[in-house]
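To start, the structure under review is shown below, and the notes come after it.
The values are calculated or read from the model by the stated rules, or taken from the named source; none is laboratory data. Values in this document were obtained by computation on a predicted structure and should not be read as measured data. Note that each Cβ is placed from the backbone with ideal geometry, even for glycine, and that neighbours are counted across all protein chains shown.
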């Protein structure tokens, strides 16, 4: 596990929760303020689908009351014909044809709406996923190493799936409100008290549903860190990258037990809430049914008394039943909509995270040729939420064209130092100068383009051999000549010739026909990335740890030859490699201990000499 991941694990801890209090009714209405921003995103996704969706729903809102009213006319006409008061059946069949047409239109509109919802949903998911990746690309490396940030990122990712359900819910809410207005008008003309009876039957169900939605939201949000751990355990328990150690160390039992513990905890918490929700839901449904049948009895009595026709009875009963269902849906959906709007806060919170490392207003162009070099002036850096300094009191100059080796025990701050050099981090104290100008004043993109760096924890992309090299300078992805030249420089070209499809060979076992490489072979591919750019500064952070001593020496010898006239930094635990550098910087607990050439440091008899002789002793 890398240092950054270890730090994240410590910060998160087993019981870390990120829970908010249950939202009040006022907070729910306040959350609706997120909807305009949400609709703006939907509008950006596809304008015409959004407009079409609204139009289809507007048409659908008038269909239910039209069908009920035509049904009323049909029944009254049937009763009239059955009593012999009329003999012409033309009007009856016209009404039946009209109801048939409305039924077909209703079905067609419903299917068209579902189709547009589906298409818009897919596009919205893609659009927001791209926006998350775009925003994530602007954020700082140390933000990705913070567990709280990862919780926000995970919740933002969750919102990219199914958020158009919220769009559908809001538009359906408007559609139902219009439908309800038509239905309510008919009922109020008959007896306004039926509306009050309806509210008494529905409101308790709405309050109950609102309460349990709140509890569900709080439970889901509180489980975010542990669910990330569950997903992580699921991954390492069944992955080609972890299978070797899982088998060797017999970790399957441990991982399965941990997975069961977490998954059972989630199941128990959800089960308790679901049982309570189902019980109260049944009770409130009984109240709603009682209200409906009370109104139904009143309408039947009025019909028996002759105050209503049978057609009017069916129209009013149908209207009341549908009005009750529609109002219940509106009240219940309000909770879902407000809850969805609250979830949107998670999505928008992610986009409110701003990087601390950014392009200066008036950036200084990166020098065409570095003249003086990089100067560290009392530089110090510590990670977010950490009291320990990763680097401190660093004061030295990496001269132009110089090759500097970094030496120190694990945790001495070597990797942090090169990340500061590449401006993946900014110093907490002190400053780094390039040719006498603060590194923060340079054009950030030009700076990173002029730095070629390969870390020890480089990625093994499940892509082709050529693409794995091209990621070192993705703008030259189609430049096969440059890719092959880079492979030759890293000695990866010899490997490419042995592969069935050579540079087009898929690497890794995740996809069909992929070929897995050994650790040393992967490192040669990764090293080729450093040669994809004509960088003025090249950094190798222990990228050859999987190579044997001879292979590493050959790689670094080649590296030294290919970087003549260029500035370079290399990190290696092998002193046979380190001694090839012009100077060596020895770090201890993040601080500068010694600096000088191999011979100077041996003569000094300090930490470097001690470590050198210890390693040399191991080879005797």
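Among the listed residues 386, 395, which satisfies the condition of being surrounded by fewer than 17 Cβ atoms within 10 Å (Cβ to Cβ) and touching a strand residue (DSSP E or B) at 6+ places or on another chain (Cβ under 6 Å)? Spell out the reasoning first.
Numbers: 386 fails: touching a strand residue (DSSP E or B) at 6+ places or on another chain (Cβ under 6 Å).
Unique residue meeting the criteria: 395.
Test residue 276 against the stated conditions and say whether it is touching a residue at least 60 places away in the same chain (Cβ under 8 Å) and either within 30 Å of residue 517 (Cβ to Cβ) or in the same structural domain as residue 189 (by TED's automatic domain parsing) (or both). Answer is yes for this residue.
So if I check each of 507, 447, which one is under 34 Å from the mean Cα position of the chain (by Cα) and closer than 30 Å to residue 385 by Cβ? Residue meeting the stated conditions: 447. Out of 366, 351, one residue alone is in contact with a helix residue (DSSP H, G or I) (Cβ under 6 Å, 6 or more places away or on another chain), within 30 Å of residue 439 (Cβ to Cβ), surrounded by 18 or more Cβ atoms within 10 Å (Cβ to Cβ) and modelled with pLDDT of 80 or more. It is 366.
Residue by residue, here is whether (1) out of contact with any strand residue (DSSP E or B) (no Cβ under 8 Å at 6 or more places or on another chain); (2) assigned by TED's automatic domain parsing to the domain that holds residue 541; (3) surrounded by fewer than 17 Cβ atoms within 10 Å (Cβ to Cβ); (4) more than 22 Å from residue 570 (Cα to Cα) holds:
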site	(1), (2), (3), (4)
429	no, yes, yes, yes
439	no, yes, no, no
446	yes, yes, yes, no
456	no, no, no, no
462	no, no, yes, yes
480	yes, no, yes, yes
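Yes/no matrix, rows are residues, columns are (1) part of a loop (DSSP other than H, G, I, E, B); (2) out of contact with any helix residue (DSSP H, G or I) (no Cβ under 6 Å at 6 or more places or on another chain):
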site	(1), (2)
303	no, no
307	yes, yes
330	no, no
357	yes, yes
389	yes, yes
394	no, yes
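None of 499, 527 is touching a helix residue (DSSP H, G or I) at 6+ places or on another chain (Cβ under 9 Å) and surrounded by fewer than 20 Cβ atoms within 10 Å (Cβ to Cβ) except 499. Just to be sure before I move on: is residue 254 surrounded by 12 or more Cβ atoms within 10 Å (Cβ to Cβ), within 30 Å of residue 243 (Cα to Cα) and without any contact (Cβ under 8 Å) to a residue 24 or more places away in the chain in the structure I sent? For residue 254, the condition - surrounded by 12 or more Cβ atoms within 10 Å (Cβ to Cβ), within 30 Å of residue 243 (Cα to Cα) and without any contact (Cβ under 8 Å) to a residue 24 or more places away in the chain - is met. Within the option set 104, 165, being in a helix (DSSP H, G or I) and under 23 Å from residue 344 (Cα atoms) holds for one residue only, 165. One residue alone among 19, 70 is modelled with pLDDT under 85 and touching a helix residue (DSSP H, G or I) at 6+ places or on another chain (Cβ under 9 Å), and that residue is 19. For beta carbons closer than 7 Å, sequence separation of 6+ or different chains, a first residue in segment 434-445 that is under 18 Å from residue 401 (Cα atoms) and a second that is exposed (fewer than 13 other Cβ atoms within 10 Å of the Cβ), the qualifying pairs are 435/371. So which residues in segment 571-591 are in a loop (DSSP other than H, G, I, E, B), under 13 Å from residue 608 (Cα atoms) and out of contact with any helix residue (DSSP H, G or I) (no Cβ under 7 Å at 6 or more places or on another chain)? Selection gives 573 alone.
Does at least one position in segment 110-122 carry a residue that is outside any helix (DSSP H, G or I) and either closer than 30 Å to residue 349 by Cα or in contact with a helix residue (DSSP H, G or I) (Cβ under 6 Å, 6 or more places away or on another chain) (or both)?
So far as segment 110-122 goes, no, none of its residues is outside any helix (DSSP H, G or I) and either closer than 30 Å to residue 349 by Cα or in contact with a helix residue (DSSP H, G or I) (Cβ under 6 Å, 6 or more places away or on another chain) (or both).
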